[in-house]
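Below is one structure, written out as structure tokens; the observations come after it.
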């Protein structure tokens, strides 16, 4: 659907030339929800403005469904832009127009007749759940409802692609979740390709099929969302994933647990104990993950702390567990768990009566 090749964009500043986009290559497939994420200043907004040619790149090409957009005349470009819907963080609604008339605006500009406009706007307001608010003005509706109006307006001219530029950044978590559910529902019902520009890993985690990570104007990582969350390769990605998914033991908590472990080992001759940090990617994280090892290897497990989430059908996260048993039983249990698909084990501490 979208092919970005060797894209580059610079700006002149008092301090010299600033390279906002550095030869980006991306392919976004038909019908997928694709996330573009990165910290502030990574080049996300510049990239999205280049995709719809609101900003003209210095070099490279952007192809939309087989049509090369870069190099078109202004008249040709205006026609092609109708194939790209845009949703903004600040809603950008016209305060003197009702909900109905805000959605109708792109159709009026395109010269669609009144009967077709009414039919299309009614259809869209029903799609976003705002039919009952068609006569309200922006000042009379909530932030989440304003964004639904923005989404309906962006879909008015039957675009091939919907670009969402930080569309949920100004919304509270519950409203954000509702808007993302709406976008996913629209994607399923219409097959429209959605590109999510965001700095929120929660957004990517909830809705995106694939994700590209930007840093200093370059793509540093791209892949299926679950894979990027489970196995981040770049430092920027690891930092963002860690903040969104990981749950680390504090130093104080670890000191208390180690003291308890030593006391337990001293009170149980011939028994050792350990704390493991388990990283999960597509593992069976129910009690069944540990029950087999406990039953066959003769160890006991205690869950200390966990943060595990379902990301596009894949279990991703981190658990801390305490394991107790003989030295050989603990070794065997670790081997058994390590053989499970999507499980990686790191030993945090090991206590033995023989130490």
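The values are calculated or read from the model by the stated rules, or taken from the named source; none is laboratory data. Values in this document were obtained by computation on a predicted structure and should not be read as measured data. So basically every Cβ, Gly included, is an ideal-geometry build from the backbone, and we count neighbours across all protein chains shown.
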Looking at 75, 51, 21, which one is under 30 Å from residue 189 (Cα atoms) and either out of contact with any helix residue (DSSP H, G or I) (no Cβ under 6 Å at 6 or more places or on another chain) or surrounded by 14 or more Cβ atoms within 10 Å (Cβ to Cβ) (or both)?
-> 51
Hits in segment 158-190 (condition: surrounded by 15 or more Cβ atoms within 10 Å (Cβ to Cβ), part of a helix (DSSP H, G or I) and in contact (Cβ under 8 Å) with a residue 40 or more places away in the chain) = 182, 183, 184, 186, 187
Working only within segment 208-223, note down all residues that are within 13 Å of the chain's Cα centre (by Cα), crowded, with 21+ Cβ neighbours inside 10 Å and assigned to a loop (DSSP other than H, G, I, E, B).
-> 208
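Every residue, every condition in (1) touching a residue at least 60 places away in the same chain (Cβ under 8 Å); (2) outside any loop (DSSP other than H, G, I, E, B), yes or no:
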{"site": "39", "(1), (2)": "yes, no"}
{"site": "45", "(1), (2)": "yes, yes"}
{"site": "48", "(1), (2)": "yes, yes"}
{"site": "57", "(1), (2)": "no, no"}
{"site": "63", "(1), (2)": "yes, yes"}
{"site": "78", "(1), (2)": "no, yes"}
{"site": "94", "(1), (2)": "no, no"}
{"site": "97", "(1), (2)": "no, no"}
{"site": "104", "(1), (2)": "no, yes"}
Of 259, 226, 274, which residue is outside any strand (DSSP E or B), in contact with a strand residue (DSSP E or B) (Cβ under 6 Å, 6 or more places away or on another chain) and modelled with pLDDT of 80 or more?
-> 226
Give just the number: which of (1) surrounded by 12 or more Cβ atoms within 10 Å (Cβ to Cβ); (2) under 31 Å from the mean Cα position of the chain (by Cα) does residue 139 not satisfy?
-> (1)
Meets criteria (over 24 Å from residue 241 (Cα atoms) and touching a helix residue (DSSP H, G or I) at 6+ places or on another chain (Cβ under 9 Å)) for residue 142 = yes
Counting only residues that are assigned to a helix (DSSP H, G or I) and either without any contact (Cβ under 8 Å) to a residue 12 or more places away in the chain or touching a strand residue (DSSP E or B) at 6+ places or on another chain (Cβ under 6 Å) (or both), how many does segment 106-117 have?
-> 5
State which residue is farthest from residue 227 (Cα to Cα) when the search covers only segment 332-353 and only residues that are loosely packed, with under 15 Cβ neighbours inside 10 Å and without any contact (Cβ under 8 Å) to a residue 60 or more places away in the chain.
-> 335
